[in-house]
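Okay, structure first, notes after.
The values are calculated or read from the model by the stated rules, or taken from the named source; none is laboratory data. Quantities reported herein were computed from a predicted structural model and do not represent experimental measurements. Here Cβ is always computed from backbone atoms with ideal geometry, including for glycine, and neighbour counts include all displayed protein chains.
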Amino acid sequence: MNYRTILPVAFLATFLFSACSHAEKKLPAPTLVRTPNDDKADEKLLAYNPAKGDKWIAEFVQNLHKKYGFNGNMLVAKDNKILYEKAIGWADYLHRDSLKISSEFELASITKTFTSVAIMQLVEKGKINLTDNVKKFFPNFPYEGITVKLLLSHRSGMMNYVYFTDGIWKDKKKPMSNMDVMDLIAQYKPARYIAPDVKFHYNNSNFMVLGSIIEKVTGKKYADYMMENVFKPAGMKHTHVYSTTVYKKIPVDVVGHDRTFKYSVVQNFLDGPVGDKGIYSTVNDLVLYDKALKNGRLLKQSSLDSAYTGHNKAVNGHFNYGYGWRMFDGENGRKVVYHTGWWHGFRHIYVRDIQKNIVIVFLGNLTNGSLLHLDELYKHLGVPVIRKGAYTGTGSMPGTDED
């Protein structure tokens with residue numbers, strides 16, 4: 001090798017080393033430690049001037065409220081800036097309490113994304129393997145072949161404990177815990193829906209069991225683990241796990257209403273188990289959650305890639321489910337991750353367009369179908385329409401797997 005070839009090779013090696021070093025700086029190891037600068041950055045992200053809000057979105061939301069009856073809080077952010085946020089309607093219609101932007105909603109199945117994060121954190125720490133059988137943690141668990149991975153991707157084939165326990169739990173005034181449900185499953189051995197790893201079957205049992213595994217492995221309550229390892233590190237100061245096993249009355253001001261304001265939904269024994277639901281949060285905190293996931297504070301990129309990979313047959317060619325996340329897979333690698341929620345008078349959608357750095361949050365406490373009318377908002381933002389019925393393709397019928 002002569003002098004003329006040595007120089008280009010040396011330059012290329014230096015460039016590659018510099019590029020690799022730069023890439024490593026962009027992907028820091030997850031850290032739970034926060035600094036005052038983190039709080040300042042969060043305050044800047046959440047700063048919003050209503051006078052400068054996106055007028056098109058404002059008109060869209062007002063129409064969604066008047067024409068389709070949306071009642072709740074919403075927020076749209078892009079490139080680390082809130083474009084528009086609004087609290088619209090009643091927190092509790094009976095007492096005529098208005099919603100505030102800081103109101104905490106029961107997140108329903110959006111909780112599953114948090115449970116997935118916690119499980120993947122424990123995988124990173126070597127405390128859980130995705131291939132671990134549930135029997136490793138609960139020897140009395142009556143089903144063979146159900147692994148952590150199958151629970152995360154709704155492929156366990158389990159029955160839904162919400163229906164199974166209703167006829168067994170006699171004292172409906174007594175709250176039911178995760179361990180109560182696990183004991184009932186071990187005792188009664190209810191028939192499975194289908195054998196493990198045959199097909200996607202969405203149900204709450206999968207993430208209730210995952211919540212139980214988190215408690216068993218860490219020796220901590222699900223609420224305590226989430227506070228220490230997810231909420232606080234992400235700067236989510238208005239996010240909590242509330243269970244009727246701890247609180248006789250859940251300490252939030254937002255009441256769920258079923259279809260019309262005439263029917264407010266009171267928490268009951270089914271609001272005891274957590275992991276599938278049970279997290280309460282605000283639209284602003286969900287923006288901080290998105291930030292903490294994207295900047296590597298909570299998980300390594302490899303863990304996120306696994307969670308955002310579809311592990312089932314796509315619905316209509318685009319929609320799939322990973323580890324605790326629903327997703328839209330588009331052309332040229334386009335991916336949007338999201339989750340819906342529907343529980344006891346609450347109905348939500350949380351959409352994260354990672355490539356375009358857009359966050360869309362609608363938290364509703366009136367289950368009237370208003371969130372099925374967001375197509376024009378998605379088009380306005382340049383986000384794929386997150387509604388299975390808007391597409392045709394192979395897979396199961398749209399809506400058959402909704403929570």
Restricting attention to region 261-288, and to residues there that are out of contact with any strand residue (DSSP E or B) (no Cβ under 8 Å at 6 or more places or on another chain) and farther than 30 Å from M159 by Cβ, which single residue is surrounded by the fewest Cβ atoms within 10 Å (Cβ to Cβ)? K262
Inspect region 303-310 for any residue being among the polar types (S, T, N, Q) and buried (at least 17 other Cβ atoms within 10 Å of the Cβ) and give the result as yes or no. yes
Any chance you could count how many residues in region 47-76 are surrounded by 18 or more Cβ atoms within 10 Å (Cβ to Cβ) and in a helix (DSSP H, G or I)? 4
Helices (runs of 4 or more DSSP H) wholly inside region 120-202 containing at least 2 residues that are under 20 Å from Y323 (Cα atoms): 134-137, 148-152
Taking the condition touching a residue at least 40 places away in the same chain (Cβ under 8 Å), crowded, with 20+ Cβ neighbours inside 10 Å and farther than 19 Å from S109 by Cβ, does R334 pass? no
Looking for something modelled with pLDDT of 95 or more, in contact with a Phe, Trp or Tyr (Cβ under 7 Å, 6 or more places away or on another chain) and part of a helix (DSSP H, G or I) - is there at least one such residue anywhere in region 257-266? no
Of (1) surrounded by fewer than 22 Cβ atoms within 10 Å (Cβ to Cβ); (2) touching a Lys or Arg at 6+ places or on another chain (Cβ under 7 Å); (3) more than 21 Å from K149 (Cα to Cα); (4) not aromatic (F, W, Y), V359 satisfies every one except (1)
Exactly one condition in (1) surrounded by fewer than 20 Cβ atoms within 10 Å (Cβ to Cβ); (2) modelled with pLDDT of 95 or more; (3) over 30 Å from A195 (Cα atoms) is not met by E106; state its number. (1)
For region 28-37, state whether one or more residues are among the β-branched types (V, I, T), farther than 23 Å from V255 by Cβ and buried (at least 19 other Cβ atoms within 10 Å of the Cβ). no
Of the criteria (1) among the acidic types (D, E); (2) surrounded by 14 or more Cβ atoms within 10 Å (Cβ to Cβ); (3) closer than 25 Å to N80 by Cα, which one D375 fails: (2)
Considering residues of region 47-64 that are over 24 Å from the mean Cα position of the chain (by Cα) and in contact (Cβ under 8 Å) with a residue 60 or more places away in the chain only, the residue farthest from V255 (Cα to Cα): W56
Odd one out for V252 among (1) buried (at least 23 other Cβ atoms within 10 Å of the Cβ); (2) touching a strand residue (DSSP E or B) at 6+ places or on another chain (Cβ under 7 Å); (3) not aromatic (F, W, Y): (1)
When you look at F141, is it more than 24 Å from A223 (Cα to Cα) and either of a type in the set (V, I, T) or surrounded by 18 or more Cβ atoms within 10 Å (Cβ to Cβ) (or both), yes or no? no
Quick check: is even one residue across region 209-216 over 23 Å from the mean Cα position of the chain (by Cα) and either crowded, with 19+ Cβ neighbours inside 10 Å or not in a loop (DSSP other than H, G, I, E, B) (or both)? no
Over region 214-273, the set of residues in contact with a Lys or Arg (Cβ under 7 Å, 6 or more places away or on another chain) and of a type in the set (A, V, I, L, M) is V217, A234
Per the filter on region 77-110, residues in contact (Cβ under 8 Å) with a residue 40 or more places away in the chain, part of a strand (DSSP E or B) and of a type outside the set (F, W, Y) are A77, K78, I82, E85, A91, D92, D97, E106
Give all pairs with beta carbons closer than 7 Å in which a residue from region 123-138 that is basic (K, R) meets a residue that is part of a loop (DSSP other than H, G, I, E, B); count only pairs at least 6 apart in sequence or on separate chains. K135/F141
Pairs returned, first residue in region 304-317 that is within 14 Å of V198 (Cα to Cα), second residue that is among the basic types (K, R) and surrounded by 20 or more Cβ atoms within 10 Å (Cβ to Cβ), beta-carbon separation under 8 angstrom, 6 or more apart or interchain, are H311/R155; N312/R155
